[in-house]
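In what follows, a single structure is set out as structure tokens and then discussed.
We did not get these values from a lab; they are worked out from the coordinates using the rules stated. For clarity, every value in this text was computed on a predicted model and none was experimentally measured. No Cβ is skipped: glycine too gets one built from the backbone with ideal geometry, and neighbour counts run over all protein chains shown.
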Amino acid sequence: MNIILLGPPGAGKGTQAKMLIDTYGIPQISTGDMLRAAVKNQTQLGLEAKKFMDSGQLVPDSVVIGLAKDRIGQADCAKGFMLDGFPRTVPQAEALDKVLADMGKKIDHVVSIEVANSELMGRLTGRRTCKACGQGFHVMFDPPKTAGKCDKCGGELFQRDDDNEATVGNRLNVYDAQTKPLIDYYQAKSLLRPIDGVGAITDIFGRIKAVMG
Ligand code: AP5
Ligand code: MG
């Protein structure tokens, strides 16, 4: 099963992806996580990407298309994969179509997690993520049992650099201008599966499983 998780910043793509890994045994491909790893390791790519990410802009298409293509070609994606945060522009979606066609693969479902902008700011400014395993939490909506510590692995929790109010505002605008057109793009291909992204995290997971069959 090859799926795309589509949705605005804070919709719950990463949260749901972590649950889907366990249920379906397919890897999560998050271009955001890959870019943050490059920033942390201070690679050439990371140094270039950081200025875009810190201001809430998208990293250039050519960079992320290359990253995603290499990752989809790896052995653990043979039985399926889920794309989290890619594609995010129409040119990225078109490039993905070509990459998959060349590999003899296709997308089965585009799970579009719908959450109103008014809810997203609070979700993002309260997010905390585990440094060690990447598990996400929220200080109010999904708090860890011990403040600052991961329930899963005991790792230290941190706040993302782009989760401040000013940058989140930019990210939401960028989503509306550049990523929202993908809803029509995938609707036209009959791949769009809209999901109400408001409610308990486990309920939303149930809605996603229902469309995946
Ligand atoms: P990326 O890392 O992809 O960030 P994003 O798309 O902005 O999405 P988020 O990770 O912020 O949100 P999410 O939907 O995963 O939410 P989460 O599950 O954590 O991208 C970061 C940057 O990298 C971009 O700005 C860009 O610069 C660059 N980039 C990445 N990909 C790119 C691409 N393809 N092209 C160009 N540039 C690219 O949940 C959020 C919070 O809400 C958590 O605290 C969680 O606990 C909580 N929560 C989850 N579900 C619920 C619920 N049901 N109720 C209440 N709270 C909830
Ligand atoms: Mg995420």
ask   = In whole angstrom, and with the biggest value first, how far do the Cα coordinates of the chain range along each principal axis?
value = 46, 41, 34
query = If we restrict to alpha carbons, what Rg and Dmax does the range 61-159 come to, in Å?
reply = 17.1, 48
Quotient of Cα Rg and 2.2 N^0.38 Å for the range 2-100, N being how many residues it contains = 1.05
query = Taking a threshold of 29 Å on the Cα-Cα distance, which of the pairs 18/149; 149/180; 13/105; 106/131; 13/152 fall above it?
reply = 149/180; 106/131
inquiry  = Given N residues in the range 135-213, what is its alpha carbon radius of gyration divided by 2.2 N^0.38 Å?
reply    = 1.43
message = Students often forget the sequence filter, so: which aspartates and glutamates lie under 15 Å Cα-Cα from residue 145 once same-chain residues fewer than 8 apart are removed?
response = 156
Highest to lowest packing among 98-111, 60-73, scored as the average C-beta count within 10 Å = 60-73, 98-111
ask   = Quick one: putting +1 on the C-beta of Lys and Arg, -1 on the C-beta of Asp and Glu, what dipole do you get for the range 66-159 around its Cα centre, in Debye to the nearest 20?
value = 300 debye
ask   = What is the mean projected area of the alpha carbon convex hull for the range 87-137, to one decimal in square nanometres?
value = 5.7 nm²
